[in-house]
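Visitor: One structure coming up, written as structure tokens, with questions to follow.
The values are calculated or read from the model by the stated rules, or taken from the named source; none is laboratory data. These numbers were taken from a predicted model, which means no experiment stands behind them. Glycine gets a Cβ as well: all are built from the backbone with ideal geometry, and neighbour counts include every protein chain shown. Just so you know, the surface numbers come from the protein's heavy atoms only, side chains and all, with ligands and any DNA or RNA stripped out. Shrake-Rupley method; radii C 1.70, N 1.55, O 1.52, S 1.80 Å.
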Amino acid sequence: MESEIRDIHLAESGERKIQWVKRNCDLLRTLEEEFSKTKPFAGKKIALSVHLEAKTAYLCKTLAAGGAQMFITGSNPLSTQDDVAAALVKAGLEVHAWYNSTPEEYNAHIRSVLRPGPNIIIDDGGDLVHMMHTEFTDLIPEVIGGCEETTTGIIRLNAMDQAGQLKFPMVMVNNADCKHLFDNRYGTGQSVWDGINRTTNLIVAGKIVVVAGYGWCGKGTAMRAKGLGARVIVTEIDPVKAIEAVMDGFDVMPMKEAAKLGDFFITVTGCEKVIDEEDFAQMKDGAILCNAGHFDCEIDMARLREIAVSKQEMRQNIMGYQMADGRVICVLAEGRLVNLAAGDGHPAEIMDMSFAIQALSAKYLVEHQGQLTQKLIDVPVEVDQDVARRKLDFLGKSIDVLTPEQVKYLNSSSI
């Protein structure tokens, strides 16, 4: 098939972005060099659905350097950067994606990358895996396994596995320490506020920020809000995480109470209707809502559109919904991932670790083809440790090593 992109003439701009990422991704650059020599993916087809911007593009080029035939699409209609997609096509990779695709176009692009019959699937949110199991079941025998990038995707995989529906092994990349401890916390924390700040151009200091969800992404988002001078309220359903938020210095309350107070609202839960019609009714005039979870259902956008008497684009990526009483509720990036739909996503150095885990996990699947009995697989500890040690080396840091005597002591039952 031929690639489906907006405009091949945008390739020069996209290539500049990719080269900037390459300059700042030491781990992927090293893996690209290694894979170019060892060709771990020779003869293999990889279907990839990840937010299609420059860092993802460099992951694709790294896998291609290892011999993979790449079939690439995005994982969100608003996160694909058309110049980056063009640069990948110019480099000889197959891409089916463009910015602001309709739901029909988005699904068609997913079908296009699955149709060739992939051996490895690299997914972000679970759309590739879901469609493979519903529309391309005849191709499942060709699949060695896959890797899932994000929390939402793992939730979907767990549901499929518990229902006995998952037909091939999936490595839970998001659960790796070198992924969620850094990507979810520091990456999300910085990129969410980058998206909010560049879109609104409003001061954060002195404002009340409501963060829904105190997982790793929520922790990072709240931490950065505090650093910007905001008063932070956390909403949670998990009592342990709620106590942790309190101990971290944040107020905790139900969304129904927080809705009356917040200036900024950020959902980071992976669940639907976290902010609903009752919450809209309580909000201040000018309240700003955005989502940092994978799907655009955390804010009940469908209901907000129904109850609004009018809407107006206030600024690029800001839609104002006027309520019957005259209040206006502002939503960033249509309720989609604000850090990617209204920004460039996580910093390159952070995604360097996450995508190194992706690349090495894909390599692990190939090396263990036919040997994996479990359907949901943790990233091997040795892969996590390898990525951490490499990253420390690039940062110019070293750590202690246990002596033989210390190893013996720690493994002794007489401690």
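Visitor: So which of Thr38, Thr30 ends up being farther than 28 Å from Leu332 by Cα, open to solvent by 30 Å² or more (accessible area, probe 1.4 Å), among the β-branched types (Val, Ile, Thr) and free of Cβ contacts under 8 Å to residues at least 40 places away in the same chain?
Guide: Working: Thr30 fails: free of Cβ contacts under 8 Å to residues at least 40 places away in the same chain.
Exactly one residue qualifies, and that residue is Thr38.
Visitor: Continuing with the same structure: Select from region 16-27 the residues that are open to solvent by 30 Å² or more (accessible area, probe 1.4 Å) and either assigned to a loop (DSSP other than H, G, I, E, B) or within 20 Å of Ala68 (Cβ to Cβ) (or both) and list them in ascending order.
Guide: Within region 16-27, the first condition is being open to solvent by 30 Å² or more (accessible area, probe 1.4 Å), and the residues that meet it are 16-17, 19-20, 22-24, 26.
Result: Lys22, single match.
Visitor: Out of Ile140, Ile122, report the one residue that is of a type in the set (Val, Ile, Thr), open to solvent by less than 20 Å² (accessible area, probe 1.4 Å), at pLDDT 95 or above and more than 23 Å from Ala212 (Cβ to Cβ). Reasoning before the result, please.
Guide: Details: Ile140 fails: open to solvent by less than 20 Å² (accessible area, probe 1.4 Å).
Result: Ile122 is the single residue among Ile140, Ile122 that is of a type in the set (Val, Ile, Thr), open to solvent by less than 20 Å² (accessible area, probe 1.4 Å), at pLDDT 95 or above and more than 23 Å from Ala212 (Cβ to Cβ).
Visitor: Considering only residues of region 226-262 that are touching a residue at least 40 places away in the same chain (Cβ under 8 Å) and of a type in the set (A, V, I, L, M, F, W, C), which is farthest from Asp276 (Cα to Cα)? Step through it out loud before you land on a result.
Guide: Filtering region 226-262 for residues touching a residue at least 40 places away in the same chain (Cβ under 8 Å) gives 255, 258-259, 261-262.
Narrowing further to those that are of a type in the set (A, V, I, L, M, F, W, C): 255, 258-259, 261.
On the way: Met255: 9, Ala258: 13, Ala259: 10, Leu261: 15 Å.
The qualifying residue farthest from Asp276 (Cα to Cα) is Leu261.
Visitor: Looking at region 128-141 only, could you name the residues that are touching a Lys or Arg at 6+ places or on another chain (Cβ under 8 Å) and charged (D, E, K, R)?
Guide: Passing the criteria: only Glu135.
Visitor: How many of the residues making up region 271-295 are surrounded by 20 or more Cβ atoms within 10 Å (Cβ to Cβ) and either under 26 Å from Asp344 (Cβ atoms) or without any contact (Cβ under 8 Å) to a residue 12 or more places away in the chain (or both)?
Guide: From region 271-295, those surrounded by 20 or more Cβ atoms within 10 Å (Cβ to Cβ) are 274-275, 279-280, 283, 287-294; that's our starting set.
Next, only the ones that are either under 26 Å from Asp344 (Cβ atoms) or without any contact (Cβ under 8 Å) to a residue 12 or more places away in the chain (or both) stay: 274-275, 287-294.
Summing the residues that are surrounded by 20 or more Cβ atoms within 10 Å (Cβ to Cβ) and either under 26 Å from Asp344 (Cβ atoms) or without any contact (Cβ under 8 Å) to a residue 12 or more places away in the chain (or both) in region 271-295 gives 10.
Visitor: If you don't mind, there's one more thing I want to ask. Name the residue, out of Glu2, Glu12, that is open to solvent by 60 Å² or more (accessible area, probe 1.4 Å), at pLDDT below 95, among the charged types (D, E, K, R) and not in a strand (DSSP E or B).
Guide: Working: Glu12 fails: at pLDDT below 95.
Just a single option satisfies the conditions, and that option is Glu2.
Visitor: Determine if region 346-356 includes at least one residue that is in a helix (DSSP H, G or I), among the charged types (D, E, K, R), open to solvent by less than 30 Å² (accessible area, probe 1.4 Å) and in contact (Cβ under 8 Å) with a residue 60 or more places away in the chain. Spell out the reasoning first.
Guide: Going through region 346-356, the residues in a helix (DSSP H, G or I) turn out to be 348-356.
The next check asks that each one be among the charged types (D, E, K, R); those that pass are 349, 352.
Filter once more, so that each one left must be open to solvent by less than 30 Å² (accessible area, probe 1.4 Å): 352.
If we keep only those that are in contact (Cβ under 8 Å) with a residue 60 or more places away in the chain as well, we get 352.
Yes; the residues of region 346-356 include at least one that is in a helix (DSSP H, G or I), among the charged types (D, E, K, R), open to solvent by less than 30 Å² (accessible area, probe 1.4 Å) and in contact (Cβ under 8 Å) with a residue 60 or more places away in the chain.
Visitor: Just checking, how many residues over region 38-56 are under 22 Å from Met353 (Cβ atoms) and either assigned to a helix (DSSP H, G or I) or basic (Lys, Arg) (or both)? Even if it seems obvious, please write down each step before you answer.
Guide: We begin by selecting, within region 38-56, every residue under 22 Å from Met353 (Cβ atoms); these are 38, 40-41, 46, 48-56.
Next, only the ones that are either assigned to a helix (DSSP H, G or I) or basic (Lys, Arg) (or both) stay: 38, 54-56.
Residues that pass the stated criteria total 4.
Visitor: Looking at Lys44 and the list (1) open to solvent by less than 20 Å² (accessible area, probe 1.4 Å); (2) under 23 Å from Glu142 (Cβ atoms); (3) in contact (Cβ under 8 Å) with a residue 60 or more places away in the chain, which single condition is not satisfied?
Guide: That leaves (1) as the condition not met.
Visitor: Could you say whether any residue in region 199-219 is aliphatic (A, V, I, L, M), farther than 25 Å from Met323 by Cβ, modelled with pLDDT of 95 or more and touching a helix residue (DSSP H, G or I) at 6+ places or on another chain (Cβ under 7 Å)? Let's see the steps before the verdict.
Guide: Taking region 199-219 as the starting set, the residues that turn out to be aliphatic (A, V, I, L, M) are 202-205, 208-212.
Filter once more, so that each one left must be farther than 25 Å from Met323 by Cβ: 205.
Keeping just the survivors that are modelled with pLDDT of 95 or more gives 205.
Narrowing the set further to residues that are touching a helix residue (DSSP H, G or I) at 6+ places or on another chain (Cβ under 7 Å) leaves none.
No, region 199-219 has no match at all.
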